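The values are calculated or read from the model by the stated rules, or taken from the named source; none is laboratory data. Quantities reported herein were computed from a predicted structural model and do not represent experimental measurements. All Cβ positions, even for glycine, are placed from backbone atoms using ideal geometry, and neighbour counts span all protein chains on display.
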Amino acid sequence: MVKSMTGFGRAEQTINEKTYLVEIKSLNGKQLEINLKIPPLLKTYEFDVRNLLQANLFRGTIECFISIKQNGSLKPVVINTDLIKAYYKQIDELADDLKIDTNSVLSALLRLPEVVTPSNEVLNENDWSDLKKVIEDALNELNKHRIDEGKSLEKELKLRIKNINKQEEEILKLEPKRKERMKAELLTMLEENVGKENYDANRMEQELIYYIEKIDIREEQVRLKNHCDYFKTILDDAEESKGKKLAFVIQEIGREINTTGSKAYDSQIQKCVVLMKDEMEKAKEQIFNVL
């Protein structure tokens with residue numbers, strides 16, 4: 001099973017006199033990065049929220065917004081009556097000097113610094129337990145999105161590896177003809193420049209064998225196939241977070257493809273190498289989104 005790093009989850013529930021709203025968005029990222037926006041009411045539980053997100057999301061750039069709407073008689077804010085009286089006294093004195101009416105000054109007073117402040121109330125254990133369930137609901141919805149998008153990613157990645165395997169099989173068919181052609185070309189070049197009678201045929205045979213072994217690509221093809229098989233095994237594995245493993249294996253696949261291309265000396269094999277590189281780059285782009 002493959003999970004995407006991108007997803008969105010939202011949950012809202014009213015319990016007693018509080019309405020909890022939780023929205024969580026996840027984007028791709030190398031590590032886990034959590035951007036948390038919570039009301040002052042929840043500050044004492046910030047680490048609990050972060051731990052809950054970390055335990056469920058593993059990796060990615062996470063944006064989490066939590067709001068708590070208090071209904072009924074609860075007070076989300078506090079009005080500093082002593083401060084507002086002090087402000088009003090000074091304004092009233094100034095108004096007398098300037099002969100200004102102060103009948104509608106209340107709205108302006110409420111906007112002055114420190115007049116209206118957030119309540120110092122904090123969630124109790126029961127409220128936190130209720131909110132935790134809402135967060136878990138949002139996380140479950142986000143993970144469903146990750147799984148749905150992960151199915152598309154898995155299908156795409158398997159297609160890319162399948163296409164690489166096809167080109168690798170084509171190279172194996174071309175390999176014997178490549179060796180014969182290279183041997184014939186080297187002998188022709190030697191005869192044209194040195195003359196058939198002027199070199200030791202046995203020594204020449206040994207040198208040809210050594211040279212052809214140096215540019216042999218069978219080992220690269222075996223390793224390439226093994227890496228592709230391992231890549232597919234990781235895709236089918238039950239582990240949730242596998243993006244880093246896949247990134248490492250695709251890097252090894254790219255190394256074998258590049259080495260094959262550098263040793264090929266054959267236009268048909270080079271075409272296969274180019275097609276494999278194209279498939280590999282497409283797979284890399286998808287892996288960036290894998291959890």
Evaluate the following for Leu131: is it modelled with pLDDT under 95 and either among the small types (Gly, Ala, Ser) or in a loop (DSSP other than H, G, I, E, B) (or both)?
-> no
Answer yes or no: is there a residue in the range 166-175 that is under 30 Å from Val49 (Cβ atoms) and at pLDDT 85 or above.
-> no
Check Ala238 against each of (1) among the aliphatic types (A, V, I, L, M); (2) out of contact with any Ser or Thr (no Cβ under 8 Å at 6 or more places or on another chain); (3) in a helix (DSSP H, G or I) and name the one condition it does not meet.
-> (3)
Condition test on Phe8, is it modelled with pLDDT of 90 or more and in contact with a His (Cβ under 7 Å, 6 or more places away or on another chain)?
-> yes
Only listed residue being without any contact (Cβ under 8 Å) to a residue 60 or more places away in the chain, surrounded by 15 or more Cβ atoms within 10 Å (Cβ to Cβ) and hydroxyl-bearing (Ser, Thr, Tyr), chosen from Ser4, Ser26, Ser67 | Ser67
Within the range 113-121, can one find any residue that is under 18 Å from Ile68 (Cβ atoms), modelled with pLDDT under 85, out of contact with any strand residue (DSSP E or B) (no Cβ under 8 Å at 6 or more places or on another chain) and not β-branched (Val, Ile, Thr)?
-> yes
